[in-house]
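**Student:** Could you have a look at this structure, given as structure tokens, before my questions?
Where a number appears in this text, it was derived from the coordinates with a stated rule and is not lab data. Only a predicted model underlies this, so the values are computations on that prediction, with no experimental measurement involved. We place every Cβ from the backbone using ideal geometry, glycine too, and count neighbours over all the protein chains shown.
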Amino acid sequence: MLHSHLGLLSLTCFAVLLVLASGSSPNLPIISFDEGYTQLFGDNNLALHGDGQSVHLALDERTGSGFASQDLYLHGFFSASIKLPADYTAGVVVAFYMSNGDMYEKNHDEIDFEFLGNIRGKNWRIQTNIYGNGSTSVGREERYGLWFDPSDDFHQYGILWTDSQIIFYVDNVPIREFKRTEAMGGQFPSKPMSLYATIWDGSDWATNGGKYRVNYKYAPYVAEFSDLVLHGCAVDPIEHQLSCNDVPSHKAIPQGISPRQRTKMEYFRKKHMTYSYCYDRARYKVPPPECVINPGEAEHLRVFDPVTFGDGRHHRPKRHRQSRTSRADASI
């Protein structure tokens, strides 16, 4: 019964996204923290600013911090403007991602942006990753540098998720396109997920495989989030009912990748990508079935050293999920 519900939800959400994706207006609806999010962990290490339009997440000796969307979503566009901590940030991990790991422990889905800190004088790096149906044995990581210092100012990071593709954006430039293929089977994210943002200590792996660790004399490390966008179809976590009442009918969501954007993406990947699982012969003697080998990318990546990855966990405590509707009912 659950699978039939999700199949119907998927088709309905995809139809909504096709309508919304008919244009590329950047005027997406920005919401306040209280409208769409709730604190996940971190006590006073999460602070709201500007009437809830901006959120600061801090990491210190005691704890990291994080927040999560109040609702689950099946497909949509999700983004935030983020300013990362400056100076020495080795071992620090800031994550902006979607997951349903608290509902599906053995077959969860996940779509990740992870920002990996560095030693003084070296910039942050970005890692993207995708899991579908608990396929954690197949890491689909990619890593990149950036064409700017992400600690100098705010930059927008976005995820477009449909039933056929996932696209990661940085300042409206697509940096990765992940298409669903028949050969993947069930390893494409297909169940409702929440949106999360966290900051935590990833000293064991995040910077040079654990060579450089978090130094708390520079704490607190503060990541700033603003321009929060939850632009998709909400799904009640208990009834699995779809609600698109809050999704505007105007043209707002990015429509895949335009020819001009594809040119920018190809340039970005040629210049800034430092790792892709598709070319990692040490991990995969045969590339996973969705990989499309680009000889130029393969040659470019030969000069980069092997990388070390974490355990796939974002150091988030489990929480009792309560939808916006059930919270409203409880307050009556």
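**Student:** So which chymotrypsin sites (Phe, Trp or Tyr not before Pro) in region 50-134 pass both tests, a DSSP loop state and at most 16 other Cβ atoms within 10 Å of the Cβ?
**Tutor:** The qualifying sites are 104.
**Student:** Students often forget the sequence filter, so: which lysines lie under 28 Å Cα-Cα from residue 285 once same-chain residues fewer than 8 apart are removed?
**Tutor:** The reachable lysines, counting only those whose Cα sits under 28 Å from residue 285, are 106, 179, 211, 270, 271.
**Student:** Then there's this: Given points 7 Å out from each Cα along the Cα-Cβ axis, report the residue 205 to residue 271 separation in nanometres with one decimal.
**Tutor:** So the label points at residue 205 and residue 271 sit 3.1 nm apart.
**Student:** Determine, from the Cβ-Cβ distance of residue 215 and residue 183 and an R0 of 35 Å, the FRET efficiency 1/(1 + (r/R0)^6), rounded to the nearest 0.05.
**Tutor:** After rounding to 0.05, the efficiency reads 0.20.
**Student:** If the chain between residue 302 and residue 171 were fully stretched, how many nm would it gain, using 0.36 nm times the residue separation less the Cα-Cα distance?
**Tutor:** Roughly 44.4 nm would be gained on extension.
**Student:** Would you mind getting me the FRET efficiency between residue 148 and residue 238? Use the beta-carbon distance for r and R0 = 41 Å, nearest 0.05.
**Tutor:** That gives a FRET efficiency of 0.45.
**Student:** For a quick check: with amide H placed at 1.01 Å from N, whose amide H comes under 5 Å from residue 227's, ignoring anything fewer than 5 positions away on the same chain?
**Tutor:** So residue 227 has HN proximity to 81.
**Student:** Can you work out ³J(HN,Hα) from phi for every residue in region 281-294, in order, using Karplus 6.51 cos²θ - 1.76 cosθ + 1.60 and θ = phi - 60°, giving whole Hz and x for Gly and Pro?
**Tutor:** 6, 5, 8, 10, 4, 10, x, x, x, 7, 6, 10, 6, 10
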